[in-house]
Amino acid sequence: MTTRVLLLTQWFDPEPTFKGLVFARELVRQGFEVEVLTGFPNYPGGKIYPGYKLKLLQREEIDGVRVTRVPLYPSHDQGAVGRVLNYVSFAAASLIYGLFGARRPDVIYAYHPPLTVGVCAALIRLFRRVPVVYDIQDMWPDTLRATGMFSNEKALKLVSRVCDWVYRRVDHLVVLSPGFKHLLVGRGVAADKIDVIYNWCAEDSLSAPRGDVPQALRSSGKFRILFAGNMGKAQALDAVLEAAELVQQQAPDLIFVFLGGGVEVKRLQELAASKILANVLFLPPVPMAEVGSYLSGADALLVHLKKDPLFTITIPSKTQAYMAVGKPILMAVDGNAADLVRDSGCGKVAESENPLAIAEAALALMRASTNERNVMAENGRRFYQQKLSLKVGAGRFGEIFRRQTFK
């Protein structure tokens, strides 16, 4: 008998999301019947995407996946009020459809954030007696506090209590790192109720990269370490610029390349100019489909986050992409992300926000033999395929869904 899965997620293709259409398609390939319950696409700009019009209900089928869209408040407001309205409106519409409109599923998969999706899933479970698997991608309220999204301690305590309520009422939890599991166990969640399933990356765009790589990444005689992605406060890239300053004289052929956008780009460019860093290059953002070409064109790839307890239990999503593309990694994030690099043998580890340690790791990668770097690259690629890939991760989700169905 086919197992019916309801994927409850506020964000779904064409919006950027970790567990979107590729996940749903893989579940269909495994033999599941999948319905996605989501909103009208408006993230991150807060405007409904072209080709969609806000209405009470929209159904479509994509590659065997049934997609049901319910109305929500598209948030144009970057403040808390707009986000709350966005979250609550989707949760309310999803709850109504989940209780009265959806064909009864065998299991519900709920994607967090936002927390309101978890509340909705728990209420549907209560009334329809359907088991819920809750996928935690952000550890609330820790993330809200660390990013400054909320600073009101009373509000954060309320969020914490609601999280605990949801954790008690769902049937199973999936988290993205061992640190997340450790934290939840410390908060009273039973260890056997939690599975660690690492995120995968956008494999299609990496396996068939498109777009021209600029001359700066093609010319010979330089060793280029590339940071690709958002450049914000959390990335704390001042430390990397200080590392570049440390190595500029002794290793002029070592270049740090920054690809992407973010609120810190302009300030970082000005800081690099003030330090007269000839070994730093900034490149503008490119479409996701072209990122793979840039990663492949670099000699090594950099991950960096600021020193914060939350980030020691976080696996930055670029880690999986870096491994999959097969390049040595300079991991300057403490904790679980560094453990992945050590366990796989795919690069060098440096302490977060430690310019000297970053500089030493960068020099070690540059001075390693071609064979040593090739081994690191192959180690990362193999580790990704065996433990982190879409096929592996979705397969483990499938096992959990079937286990919940036949309890």
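Among the trypsin sites (Lys or Arg not before Pro) in the range 233-287, which ones are in a DSSP loop with at most 14 other Cβ atoms within 10 Å of the Cβ? Mind listing them? All intermediate terms of the calculation are to be shown ahead of the outcome.
On the way: sites: Lys233, Lys266, Arg267, Lys275; in loops: Lys275.
Here the sparse-neighbourhood loop sites are Lys275.
Using the Karplus equation 6.51 cos²θ - 1.76 cosθ + 1.60 (θ = phi - 60°), what ³J(HN,Hα) coupling, rounded to whole Hz, does each residue of the range 179-184 give in order, writing x for Gly and Pro?
Karplus-based 3J(HN,Hα) across the range 179-184 equals x, 4, 4, 4, 5, 5 Hz.
First check a/c for the range 204-388, with a ≥ b ≥ c the square roots of the eigenvalues of its C-alpha gyration tensor; if it is under 1.5, answer rounded, and if not, answer prolate when a/b is larger than b/c or oblate otherwise. It would help to have the intermediate numbers written out before the result.
Working: a/c = 1.26, a/b = 1.15, b/c = 1.09.
Since a/c stays below 1.5, the shape of the range 204-388 is classed as rounded.
On full extension of the chain, what length is gained from Ser296 through Asn152, given 0.36 nm per residue of separation minus the C-alpha to C-alpha distance? Could the numbers behind the result be given before it?
Values: separation 144, 0.36 × 144 = 51.84 nm, distance 4.36 nm.
So the extension gain works out to 47.5 nm.
Using only the alpha-carbon atoms, how far is helix 238-247 inclined from the longest principal axis of the chain? Give it as 0 to 90 degrees, nearest 10.
Around 20 degrees separate the two axes.
Can you give me the long-range amide H partners of Phe282? Hydrogens built in the peptide plane at 1.01 Å from N, cutoff under 5 Å, separation of 5 or more residues or another chain.
For Phe282, whose amide H was placed from the backbone, the distant partners under 5 Å are Phe258.
If you average the alpha carbon positions of the range 327-345 and of the range 109-178, how far apart do those two centres end up, in angstrom?
28
Run the helix sum for the chain: -39,500 (n - 2.57) per DSSP H stretch of 4+ residues, divided by residue count, reported at 222 nm to the nearest 500 deg cm²/dmol. Please list the in-between numbers first.
Values: 15 runs with 171 residues, N = 407.
Value at 222 nm, helices only, nearest 500: -13000 deg cm²/dmol.
Could you tell me the distance between the Cα centroids of the range 353-407 and the range 228-290, to the nearest Å?
24
Greater than 32 Å separation of Cα atoms is the criterion. Which listed pairs, Lys275/Lys307; Lys47/Lys387; Lys154/Lys306; Lys47/Lys318; Lys193/Lys327; Lys154/Lys387, meet it?
The pairs that break the limit, which is 32 Å between Cα atoms, are Lys47/Lys387; Lys193/Lys327; Lys154/Lys387.
Please give, to one decimal in nm, the separation of the simple spin-label points placed at Leu21 and Glu360, each 7 Å out from Cα toward the Cβ.
4.7
Would you mind working out the magnitude of the charge dipole of the range 204-388 relative to its Cα centre, with +1 at each Lys and Arg C-beta and -1 at each Asp and Glu C-beta, to the nearest 20 Debye? Could the numbers behind the result be given before it?
On the way: 19 positive and 19 negative charges, 65 e Å.
Taking the Cα centre of the range 204-388 as origin, the dipole is about 320 debye.
Determine ³J(HN,Hα), in whole Hz, for all residues of the range 334-343 in sequence, where each value follows from phi through the Karplus function 6.51 cos²θ - 1.76 cosθ + 1.60 and θ = phi - 60°; x replaces Gly and Pro.
Couplings: 6, x, 4, 5, 5, 4, 4, 5, 5, 5 Hz.
How much length is gained on full extension from Asp204 to Val185, taking 0.36 nm per residue of separation minus their Cα-Cα distance?
Working: separation 19, 0.36 × 19 = 6.84 nm, distance 3.53 nm.
The span from Asp204 to Val185 would gain 3.3 nm if fully extended.
Quick check for me: using +1 on Lys/Arg Cβ and -1 on Asp/Glu Cβ, what's the dipole size of the chain about its Cα centre, in debye to the nearest 20?
The calculation lands at about 1300 debye.
May I ask you to list the trypsin sites (Lys or Arg not before Pro) in the range 1-95 that are in a DSSP loop and have at most 10 other Cβ atoms within 10 Å of their Cβ? Please list the in-between numbers first.
Details: sites: Arg4, Lys19, Arg25, Arg29, Lys47, Lys53, Lys55, Arg59, Arg66, Arg69, Arg83; in loops: Lys19, Lys47, Lys53, Lys55.
Passing sites in the range 1-95 are Lys53, Lys55.
Round to the nearest 10 and give me the degree value, 0 to 90, for the angle of helix 153-169's Cα axis relative to the longest principal axis of the chain.
Relative to the chain, helix 153-169 is tipped by roughly 60 degrees.
For helix 390-405, what angle does its Cα long axis make with the longest principal axis of the chain, in degrees from 0 to 90 and rounded to 10?
20
Just subtract the alpha-carbon distance of Ile276 and Gln58 from 0.36 nm times their residue separation and send over the number in nm, one decimal.
Values: separation 218, 0.36 × 218 = 78.48 nm, distance 5.49 nm.
Contour length minus Cα-Cα distance gives 73.0 nm.
What's the ranking of 313-326, 174-187, 386-399 by average number of surrounding C-beta atoms within 10 Å, highest first? Could the numbers behind the result be given before it?
On the way: 313-326: 23.6, 174-187: 18.7, 386-399: 16.9.
The densest-packed peptide leads the list: 313-326, 174-187, 386-399.
What does the charge add up to near Tyr198, with Lys and Arg as +1, Asp and Glu as -1, over the other residues with Cβ less than 10 Å from its Cβ? Kindly include the intermediate steps, with their values, before the conclusion.
On the way: positive: Lys387, Arg396; negative: none.
Around Tyr198, the charge tally is +2.
Positive end of the dipole of the range 27-135, charges at C-beta (+1 Lys, Arg; -1 Asp, Glu), about the Cα centre: which of Val65, Leu54, Tyr43 has its Cα farthest in that direction?
Sorting the options by dipole projection puts first Leu54.
Relative contact order for the chain: what percent, with Cα pairs under 8 Å and sequence separation of 6 or more? Present the calculation step by step, with values, prior to reporting the outcome.
Details: 773 pairs, mean separation 53.7, N = 407.
After rounding, I find 13 percent.
Bear in mind that the values in this text are calculations on the coordinates, not laboratory data. Since the model is a prediction, treat every value here as computed from it, not as a measurement. We place every Cβ from the backbone using ideal geometry, glycine too, and count neighbours over all the protein chains shown.
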